[in-house]
Amino acid sequence: MSRVIYHHPEDQPAPAPDLAAGEAVRDTRGRPLRDLRISVTDRCNFRCTYCMPREVFGANHVFLPHSALLTFEEIARVAAVALSQGVRKIRLTGGEPLLRKQIETLVALLAGLRTPDGHPPEITLTTNGTLLARKARALAQAGLTRVTVSLDALDDALFERMSDSGVPVATVLSGIQAAADAGLAPVKVNMVVRKGMNDAQILPMARYFRHSGHVLRFIEYMDVGNSNGWRMDEVVTGADIVRLIGAEFPLRPVQAHYRGEVASRWAYADGAGEIGLITSVSQPFCGDCTRLRLSPEGRLFTCLFAEQGHDLRALLRSGAGDQVLRDRLAGIWQARGDRYSELRGQAHRDHKIEMSYIGG
Ligand code: SAM
Ligand code: SF4
Ligand code: SF4
């Protein structure tokens with residue numbers, strides 16, 4: 001095995017702590033490492049105006065070459081190390097993760113991993129749904145647990161404008177149905193709400209997904225990346241959405257499933273199902289944030305709003321052993337103090353990573 005050279009003294013990781021089965025490495029604010037989000041590509045077949053506006057991600061935009069991406073084996077190795085440090089849930093994202101060829105092969109590799117106490121990880125995937133009808137069955141057979149599908153409007157013209165694609169809503173709806181039929185249920189449907197753009201779709205979406213068995217979740221429009229020209233007055237708060245829907249269909253709050261659940265849950269009083277609110281702007285949840293993110297070419301990010309990541313690919317390709325990888329990953333988490341959403345407004349950042357690169 002070749003020796004790993006550290007160029008800076010501060011890169012010398014402290015050894016990963018000895019963890020009892022079920023325990024997790026903790027950051028400087030006492031938050032355990034529980035979730036790993038893996039972005040498998042920076043490419044997408046949509047150009048959502050709030051994520052990859054075409055003026056920025058146009059014909060001249062340079063995406064990562066395939067050789068720069070981590071291989072499936074390298075991703076699975078990082079995931080195994082992360083499981084040894086406390087991770088229980090893995091989410092595949094992108095860009096559009098279903099554009100990565102044979103993604104079901106990666107799902108199968110991840111599904112074969114075990115936590116130190118012998119449990120398989122929960123494996124989920126966030127997608128725009130365009131390729132889901134074709135892929136749902138293979139993904140379920142490979143061991144995917146559930147999917148989240150993004151859908152911002154039911155109105156075709158508005159949807160095509162927001163996604164800046166020629167894809168009709170019916171394609172995404174059939175993807176959602178195929179996922180449910182393949183057993184990837186309950187399907188979560190994510191709607192980013194941008195005031196003046198699609199807020200008039202909140203009620204039609206709520207009416208459509210009541211009684212469907214799918215869980216509609218409203219996401220406050222965030223200032224991720226540097227390209228969407230975000231303004232606070234374009235945010236519709238979760239509280240406003242609950243008031244709006246509650247006036248037509250009475251709602252009652254539901255207990256969170258577990259600590260760190262990002263969505264607050266509300267059930268329809270008439271038993272028609274539930275909705276979720278992801279209030280990252282109006283009610284930040286950094287105190288419970290247990291998520292580590294892996295970029296397509298192998299950099300670890302400890303926050304969605306980080307400006308810099310920590311390269312793991314060089315270490316992976318240097319022939320480093322598992323203990324070296326464990327020490328590196330644990331060291332990165334143990335040094336983490338991020339709480340951008342709690343500081344929003346005070347923490348100006350010029351070079352945030354893009355959502356299409358690191359995933360949601
Ligand atoms: N392409 C896949 C999709 O759209 O589901 C996965 C990647 S996408 C970056 C993950 C999630 O981030 C999507 O649900 C998307 O709506 C959300 N998202 C992207 N930009 C956002 C923003 N500015 N504010 C809030 N959510 C955003
Ligand atoms: Fe693509 Fe998802 Fe970003 Fe839309 S939100 S541009 S589908 S990565
Ligand atoms: Fe987690 Fe960073 Fe988001 Fe806070 S701002 S919830 S630390 S990703």
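The values are calculated or read from the model by the stated rules, or taken from the named source; none is laboratory data. Predicted model, so just to flag it, every value in this text is computed and none were measured. Positions of Cβ are generated from backbone atoms using ideal geometry, with glycine treated the same way; all protein chains shown enter the neighbour counts. The accessibility values were calculated without ligands, DNA or RNA, using every heavy atom of the protein model including side chains. Shrake-Rupley method; radii C 1.70, N 1.55, O 1.52, S 1.80 Å.
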Among the residues of segment 211-225, the number that are open to solvent by less than 30 Å² (accessible area, probe 1.4 Å) and more than 22 Å from Ser341 (Cβ to Cβ) is 3
When you scan segment 219-237, do you find a residue that is closer than 29 Å to Lys135 by Cβ and assigned to a helix (DSSP H, G or I), even just one?
no
Could you list, ordered by first residue, the pairs with Cβ atoms under 9 Å in which the first is in segment 106-131 and touching a residue at least 40 places away in the same chain (Cβ under 8 Å) and the second is among the acidic types (Asp, Glu) and open to solvent by 10 Å² or more (accessible area, probe 1.4 Å), at least 6 apart or interchain?
Pro116/Glu23
Taking segment 143-181 and keeping residues buried (at least 20 other Cβ atoms within 10 Å of the Cβ), closer than 27 Å to Leu106 by Cα and over 19 Å from the mean Cα position of the chain (by Cα) leaves Ala178
Strands (runs of 3 or more DSSP E) lying entirely in segment 242-360 (those with 2 or more residues that are aromatic (Phe, Trp, Tyr)):
264-268
Ser67 meets each of (1) within 16 Å of ligand 2 (Cβ to nearest atom); (2) out of contact with any helix residue (DSSP H, G or I) (no Cβ under 9 Å at 6 or more places or on another chain) with one exception, condition (1)
Please pick out the residue among Phe63, Phe46, Phe72 that is over 24 Å from Ala138 (Cβ atoms) and surrounded by 15 or more Cβ atoms within 10 Å (Cβ to Cβ).
Phe63
Residue list for segment 260-286, filter: buried (at least 18 other Cβ atoms within 10 Å of the Cβ) and within 15 Å of Tyr221 (Cβ to Cβ)
Leu277, Ile278, Thr279, Ser280, Val281
